[in-house]
Amino acid sequence: MAILPIIIAPDRRLKVISQPVAQVDDEIRRLMDDILETMYAAPGIGLAAIQVGVAKQIIVIDLANGEDRERDPHYFVNPKTLWTSEETAPQREGCLSVPDFYDEIDRPIKVVVDYLDYDGTKQERELDGTLSTCLQHEMDHLKGILFIDHLSRLKRSIILKKLRKAQKLKQTA
Ligand code: GNR
Ligand code: NI
């Protein structure tokens, strides 16, 4: 297994639309293992393939990461939203591709999704709580959308300016 570099915004690669996976085979499972390992190391509770530069509809989530409990990985391949609750609620979000910034984002509380799991078996689930928030955040990545795209233009431009400055400082360090 390998830990892959995570792409930091602003970067055009994060805007690329991810394509469906044709078949969940061993190569895709190896990629999912690497994405999961990268997420654990970061550390984060979710990661989309596009954040490591692979434009495939693959998401891994483990809400137990950073908590003092056993690993509980979830894999979502080709996820589709079948239903969202009308009720929304603000939740504090962060993103490994937008380091050191956090803000409240309004999203539907519950979602029903279908997807393929690690074995390539079709699943359908209703999600709520942090898993719902996190999956919606990850499914945005598959469409080239970052959580800061849900903020005001002003907030977003301030964050992107700071990220550009941080990247410049890193280059000259
Ligand atoms: O690690 C992460 N934490 C998080 C917290 C609230 C809402 C979403 C997330 S996902 C984020 C990792 C990440 O960037 N996934 O794309
Ligand atoms: Ni993210």
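What follows is calculated from the coordinates using simple rules that are stated; it is not laboratory data. In this text the structure is predicted, and so the values were computed from the model without any measurement. Cβ atoms come from the backbone with ideal geometry, glycine included; neighbour counts cover every protein chain shown.
Key figures for this structure:
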item: Label point distance in nm, Leu131-Glu37, each placed 7 Å from Cα along Cα→Cβ; result: 2.6
item: Inter-centroid distance (Cα atoms) of the stretch 43-58 relative to the stretch 109-130, Å; result: 17
item: Dipole magnitude of the stretch 110-173 about its Cα centre (Cβ charges: Lys, Arg +1; Asp, Glu -1), debye to nearest 20; result: 1040
item: Where a label projected 7 Å from the Cα of Ile145 along Cα→Cβ would reach, residues of the stretch 64-84 with amide N under 13 Å; result: 81, 84
item: Relative compactness, the stretch 107-173, computed as alpha-carbon Rg over 2.2 N^0.38 Å; result: 1.55
item: Lysine pairs with alpha-carbon atoms under 22 Å apart, the chain, spacing 8 or more or separate chains; result: 22
item: Quarter of the Cα convex hull surface for the chain, i.e. its orientation-mean projected area (nm²); result: 10.5
item: Rule-of-thumb Rg ratio for the stretch 45-101 [Cα; 2.2 N^0.38 Å; N residues]; result: 1.33
item: Placed amide H near Gly120: partners under 5 Å, 5+ positions off or other chain; result: none
item: Relative contact order, percent, the stretch 1-109 [alpha-carbon distance under 8 Å, six or more residues apart]; result: 24
item: Stretchable slack from Ser152 to Gln19, in nm (0.36 nm times residue separation minus alpha-carbon distance); result: 45.0 nm
item: Simple Cβ-charge dipole of the chain, Lys/Arg +1 and Asp/Glu -1, about Cα centre, in debye nearest 20; result: 1340
item: Rounded FRET efficiency, nearest 0.05, which uses the C-beta distance separating Lys168 from Glu104 and R0 of 30 Å; result: 0.55
